[in-house]
Amino acid sequence: MLSRFKYFILRTFSEKGRYQLLWAAVIVCAIIGVSMVVFNLAFPDYSLLENFWQSLSCMLTPVPLRDIIVKDSDGKLALTIVYLLGLIAFSGTLIAIFSAVLRTVAEKYKNGQFTFAFKNHYVVMGSSSLVEEIVLQLRQLHPSNDVIILTSGSIPELRKKFAMSLTKKDLRRVIFVQGRRDAKQDLMRVRICNAIDVYVIDEVNEVLSDVISINTVKMMAEIAEESQLEKKISCHVSFKADTTSTIFFFADLDEKAKKYIEFMPFVVKESIARQVLVDNKYGEFTYEPLDRGGISQDSDSFVHFVIVGMTRMGRSMAKMAALTAHYPNFEKRKTRITFVDAQAHKKMQEFMTSNYHLFDLSNYSYCEVVNNQIQEVERHVPTNDVMDIEWQFIQSEVEAPAMRTQFEKWSVEKDALLTIAVCIDDSDRNIFVGMFLPRKLFEEKIPVYVYQRNSGKLLEIANSSKIYSTLKPFGMDRGCYSLNRDRVMTAARMINYIYWRGKSAQEYPDAEVTEKWKLAAVSDKWSNFYNALHIKTKLRSLGIRSSKINTEQALEMLLQNLVHLGKVEHNRWVAEKLLLGFRPLTDEEKKDVDYNFDNKKRYKKELFAHYDIRSLKELPEDVQFYDILLIRNILQIAIKSHLLD
């Protein structure tokens, strides 16, 4: 019993500020009570109320009372006792308690344990390096809005980290809250229903982060439902694994989540690849497009993209190239994507397994070092050749003499537009490989992009020299995700609107465009986004490279190439659908659709089999119509979404 009482006292005294204040009140009241007893013994003629006021007055102002009302020694003794009790109560207990309370309040704030009535703010969940990057961009783009960071990590450490990258003024608008993103109570503390945008990222060294993030989205939908929220929560979710995002190509969010959440998943590695290969800008570095100034229908040039290292970054670069490297001269030349890796055969099989239908319809070859030469060991030629991209896998150490000779041959290959990306996981090794590629590559001004996680400073110094002017870093933590994908997203929403209308549009009403976007499935949103990524490539093939153009002349060129660019768009669309996991229909399934065209949707939704994965000339005219419809509108979409700025 005594132990339980002791535990109760220690727990309540150290638990929270209000308990400490309550204990202070109890102690002060007890001291005043003892003082009244002492006063009553010394001055029995005083009433109870007089005893109280005299005791309190003596504790607060003992010297005047001692001189004015006290004559006898018994009274002096009583006042001395009361005076000492007053010192304990007011000079000792209260000051100590209030100091402790203030320290507790300060510690609670520093550790993110307070909750505020947030509104019109941004919420970022997690503590990884991506969190810092997103917060920095939010402070630059939206300086008048608060940014709330919800994390289960060390907030003092995060504060130190942000203090080095943010100004004091910006840091005041960043509020740290301690909590878990998969805890409903903590999500309610950061007022997600009042937020402008929510970014669900991961914690440092977190296990099963993708699963936790998906649970977070479901909890957010529950909170929105309980709050009877009328608008959707704009939710950007970072996934680490490619397979997680692939799941949402096959299966959408449940109906409750779709009702309350505008779900926008992204993969950081894919974002990095997009910035380098499509935006051609990563932080302060700019990059040559794979097609340089553009590839026209009459051109003999072709893109050759060599990736050293079949890592996650390497695969992401390859997929982005496969989504965007489609050009009008496809009837003459195919885009070639080459992997170089010491374990290429094993990794090729893994890559092909996860993209089975893509490689079933693609030309690809596997090469090894034989007699100190790179020789083809295996080749696959599809029976139905509908792809304008071919693949090559070379198993070799990049430093091997045969491989170095091969690099030199590629650098002078006729009509080839060669680009090299070094994507090994080890940043130091990447620098070594990048800088010591055959000198011929740098003499021929071949772009060489080197993956660096932490900093690109060393390669920035190398890039300042004439010989390494085409050697550039990419993939640094600072800049790994760009909020400026808003331009591409705006274009994607317009594309979705065009498909929904089934005809061209002169105006794109925000409310209507947004409404149709929210109704689209996640897989369709991704499809429209990838479509928007290719707009600049199409326009570049016509010589349209910036917004400073004669719009009438540009539109005339576009209309003259309408049908052929429609074929290019179909090639891009086929590659996209195969990468998203769709397959073509079998001959029997095609007959089934030809007999009853309603079966087309059934195969698409139930089996992820698409009737339109075939060459454009085999498609009915009403299906070809949509490719041409989109091309008719891409110039207007590019201008209105500022893609060419």
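Side notes on the structure shown:
- Per-region count, the stretch 257-294, residues in contact (Cβ under 8 Å) with a residue 12 or more places away in the chain and in a helix (DSSP H, G or I): 15
- Extreme residue, least open to solvent (accessible area, probe 1.4 Å), among residues of the stretch 609-625 that are out of contact with any Asp or Glu (no Cβ under 7 Å at 6 or more places or on another chain), free of Cβ contacts under 8 Å to residues at least 40 places away in the same chain and not in a loop (DSSP other than H, G, I, E, B): 610
- For the stretch 204-223, the set of residues classified as of a type in the set (Lys, Arg) and crowded, with 23+ Cβ neighbours inside 10 Å is empty.
Table: residues versus (1) β-branched (Val, Ile, Thr); (2) within 30 Å of residue 533 (Cβ to Cβ); (3) within 31 Å of the chain's Cα centre (by Cα).
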{"position": "381", "(1), (2), (3)": "yes, yes, no"}
{"position": "399", "(1), (2), (3)": "no, no, no"}
{"position": "423", "(1), (2), (3)": "no, yes, yes"}
{"position": "431", "(1), (2), (3)": "yes, yes, yes"}
{"position": "441", "(1), (2), (3)": "no, yes, no"}
{"position": "444", "(1), (2), (3)": "no, yes, no"}
{"position": "453", "(1), (2), (3)": "no, yes, yes"}
{"position": "459", "(1), (2), (3)": "no, yes, yes"}
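- Helices (runs of 4 or more DSSP H) (entirely within the stretch 295-364) containing at least 1 residues that are of a type in the set (Phe, Trp, Tyr): 344-354, 356-360
- Matching option when the condition is closer than 24 Å to residue 438 by Cβ, touching a Pro at 6+ places or on another chain (Cβ under 8 Å) and buried (at least 20 other Cβ atoms within 10 Å of the Cβ), among 277, 290: 277
- Selection count where residues are in contact (Cβ under 8 Å) with a residue 12 or more places away in the chain, farther than 30 Å from residue 355 by Cα, outside any loop (DSSP other than H, G, I, E, B) and not small (Gly, Ala, Ser), scope the stretch 535-581: 6
- Within the stretch 190-203, tally of residues that are open to solvent by 10 Å² or more (accessible area, probe 1.4 Å) and over 19 Å from residue 158 (Cα atoms): 5
- Taken over the stretch 382-417, the criterion of being aliphatic (A, V, I, L, M) and touching an Asp or Glu at 6+ places or on another chain (Cβ under 8 Å) is satisfied by 394, 403, 412, 417.
- Taken over the stretch 378-414, the criterion of being in a loop (DSSP other than H, G, I, E, B) and open to solvent by 50 Å² or more (accessible area, probe 1.4 Å) is satisfied by 381, 383, 384, 385, 397, 399, 412, 413, 414.
- All positions within the stretch 158-193 that are among the polar types (S, T, N, Q) and more than 22 Å from the chain's Cα centre (by Cα): 167, 185
- Matching entry among 638, 575 (being at pLDDT 90 or above and either under 20 Å from residue 497 (Cα atoms) or open to solvent by 20 Å² or more (accessible area, probe 1.4 Å) (or both)): 638
- Residue ID - farthest from residue 315 (Cα to Cα), chosen from residues in the stretch 440-451 that are in contact with a helix residue (DSSP H, G or I) (Cβ under 9 Å, 6 or more places away or on another chain) and open to solvent by 10 Å² or more (accessible area, probe 1.4 Å): 443
- Filtering the stretch 145-177 to residues that are touching a residue at least 40 places away in the same chain (Cβ under 8 Å), of a type in the set (Ser, Thr, Tyr) and open to solvent by 10 Å² or more (accessible area, probe 1.4 Å) leaves only 152.
- Checking each residue in the stretch 215-256 for being of a type in the set (Gly, Ala, Ser) and either within 17 Å of the chain's Cα centre (by Cα) or not in a helix (DSSP H, G or I) (or both) picks out 227, 234, 238, 241, 245, 251.
- Inter-residue pairs, beta-carbon under 7 Å, first surrounded by fewer than 22 Cβ atoms within 10 Å (Cβ to Cβ) and in the stretch 323-338, second hydrophobic (A, V, I, L, M, F, W, C) and assigned to a loop (DSSP other than H, G, I, E, B), 6+ apart: 329/295
- Boolean, residue 212 is of a type in the set (A, V, I, L, M, F, W, C), in a helix (DSSP H, G or I) and in contact (Cβ under 8 Å) with a residue 12 or more places away in the chain: yes
- Test result for residue 132, touching a residue at least 24 places away in the same chain (Cβ under 8 Å), open to solvent by 10 Å² or more (accessible area, probe 1.4 Å) and more than 25 Å from residue 193 (Cβ to Cβ): yes
- Residues satisfying the stated conditions in the stretch 224-241, i.e. open to solvent by 40 Å² or more (accessible area, probe 1.4 Å) and touching a residue at least 24 places away in the same chain (Cβ under 8 Å): 225, 227, 232, 240
- Candidate set: the stretch 500-551, residues that are among the aromatic types (Phe, Trp, Tyr) and touching a Phe, Trp or Tyr at 6+ places or on another chain (Cβ under 7 Å); chosen: the one modelled with the highest pLDDT: 508
- The single condition from (1) closer than 19 Å to residue 238 by Cβ; (2) out of contact with any strand residue (DSSP E or B) (no Cβ under 7 Å at 6 or more places or on another chain) that residue 147 fails is (2).
- When residue 472 is tested against (1) surrounded by fewer than 20 Cβ atoms within 10 Å (Cβ to Cβ); (2) out of contact with any Lys or Arg (no Cβ under 7 Å at 6 or more places or on another chain), only condition (1) is not met.
- Check on residue 524, part of a helix (DSSP H, G or I) and either in contact (Cβ under 8 Å) with a residue 40 or more places away in the chain or open to solvent by 20 Å² or more (accessible area, probe 1.4 Å) (or both): yes
- Residue under evaluation residue 511, criteria (1) open to solvent by 20 Å² or more (accessible area, probe 1.4 Å); (2) aliphatic (A, V, I, L, M); (3) outside any helix (DSSP H, G or I), criterion not met: (3)
The values are calculated or read from the model by the stated rules, or taken from the named source; none is laboratory data. Since this is a predicted model, take the numbers as computed values, not measurements. Don't worry about glycine lacking a Cβ; one is built from the backbone with ideal geometry, like all the others, and counts go over all protein chains shown. Side chains included, ligands, DNA and RNA excluded: accessible areas come from the protein's heavy atoms. Shrake-Rupley method; radii C 1.70, N 1.55, O 1.52, S 1.80 Å.
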